[in-house]
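The values are calculated or read from the model by the stated rules, or taken from the named source; none is laboratory data. Since the model is a prediction, treat every value here as computed from it, not as a measurement. Please note: Cβ atoms are built from the backbone with ideal geometry, for glycine as well, and neighbour counts cover all protein chains shown.
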Amino acid sequence: MDVDRAALNRLPRWLVPALAALPVTVLLVFYAWPLGTLLGRVLHLHSVADTLHTPGIARVLWFTLWQAVVSTALTVAVGFVPAYVLARYRFTGRRAVLALVTVPFMLPTVVVGAAFLALLPDAWHGTAAAVIVAHVFFNVAVMVRLVGAMWAVLPTDLTAAARTLGASPPQVLRHVVLPLLRPAMWAAATVVFLFTFTSFGVVRVLGGAGHPTLEVEIARRATQLGDVDGAVVLSVLQVAVLALVVWWSARWQRRASVAFAGSSAPRRARTARQRWFLRSTVGATVVLMAAPVVVLVARSFRLGGAWTLDAWRTLGDREVRPGVSLGVDPLASLATSLRFAVVATLISVVVGGTAALAIATARRHGRLLDVGLMLPLGTSAVTIGLGMLITFDHAPVDWRARWWLIPLGHALVAIPFVVRTVLPSLRSIPADQRAAALTLGASPLRAWWHVEVRRAWRPLMAGAGFAAAISLGEFGATTFLTRSGRDTMPIAIGRLLGRAGELPRAQGFAMSTMLLMVTAVVIALADRQEVEDAGGS
């Protein structure tokens, strides 16, 4: 260990600042500056009170809040049992079921909205119930991943001791299991609340004009009404609410944390009752998670109550019939999305990779950069897009019309995922590997290059896959930054689903299916790369 510390001390002093320069610049220019512009503009506005007293704003705020609370409560309730089963039981197909539950969280929100538009009866369209159901489907993965991860390491001897002392299963759950799971459940609930409070794509597709959230109202004011000042006020209000929720949640989690020792491994269902419980839970989970996607694909092949390929055949036609234009070019939007995804992925890999190396090399001093790069995840994409729209709208940084601003906005959200993918691999490198390289005569800089930089390559490729998936599905920031002729697939899908007529809606389902397939392939490749890296390490 002493050799390793000496090696780190002999690394050039310029290395960490050089690595951190690009990530810090991107964070300051394209996140901190736009966010500061929004805050500064509100401080100089005299119409804050007028905006907040605008007719209908109270209804928007109330709907945003209560649907987020209900969506969060239902997600916790629905995801509790699958989280337990997938954490505690080992069975054939467990990995496939876990992937089926997790993949919807990575799907574009507009695809999730389209899936439930296809699945739910027409009477549900434009209702709060449709929005809430889609939110639960989208966020169950958060419960399974966060609560399941904690449940998987709970020592079984605690529950066994409670049963030995005469406690019934409900009493064991209430007095032993839930207190230990409480921090993880609170963390999952906070994440779900943040996502549902800032929901945009799902609400745009399913909520209709009668159920806008703050995100939808911000976009409507800025892009349709021309009320940029009102949009800024609402964006800052939203940021303040989210900051308060995150602060309160972190404080509560610290108070609720419970220390315990031990671990447990998934076990086979032994009794007939356990096997019935396992099969029914897995069966219900598979049906509920697969049904929206299956129906979405099926509806893209139906028109007028008959099976047909018309929606797919006419995707490239700007006119569905003489004089009637779709207003979108689906195939061009696919090319645009792919082009933006490639650029956003390159930016994310370069910036996120150098940031991860800087954080790992700087050790404790890299914590500030690590936290800073996570901030865009706590800020809604609509707020980021609005901030960019206002900040880069005048000389000397009149970049609104620049095509690269869109993939850069996508990259801001994707960079934290790249960092989180690469950093654990760098931190897991044994100290003796660096010491061995030094013993063999390598210089400190060369040892760092061969041991750490080369180790980052495989997880970096996995992070690139997640970055591409995020870019393909990004909807909120793109709504502000897109220009005519640069529509991405989520934008085109939203327009098709918003048009009257059966054919445009079927074409929207067809485009959603295309985006679903592309995203699923990208996620599968990224997940495979991550698994291979874990196996190789």
For the condition assigned to a helix (DSSP H, G or I) and more than 22 Å from Ile491 (Cα to Cα), what is the one hit in Thr383, Thr345, Thr354?
Thr354
For the range 249-257, indicate whether the set of residues that are under 30 Å from Gly494 (Cα atoms), surrounded by fewer than 20 Cβ atoms within 10 Å (Cβ to Cβ) and among the polar types (S, T, N, Q) is non-empty.
no
With a cut-off of at least 1 residues that are over 28 Å from Val85 (Cα atoms) and of a type in the set (A, V, I, L, M), name the helices (runs of 4 or more DSSP H) lying wholly within the range 117-229.
128-152, 201-206, 214-220
Taking interchain pairs and intrachain pairs at least six residues apart, which have beta carbon atoms under 6 angstrom, with the first residue in the range 150-161 and over 21 Å from Ala187 (Cβ atoms) and the second at pLDDT below 70?
Thr156/Ser264
Does Leu28 satisfy being buried (at least 18 other Cβ atoms within 10 Å of the Cβ) and either at pLDDT below 95 or under 25 Å from the mean Cα position of the chain (by Cα) (or both)?
no
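Answer yes or no as to whether Ala362 is surrounded by fewer than 22 Cβ atoms within 10 Å (Cβ to Cβ) and free of Cβ contacts under 8 Å to residues at least 60 places away in the same chain.
Judged against the criteria, Ala362 is not a match.
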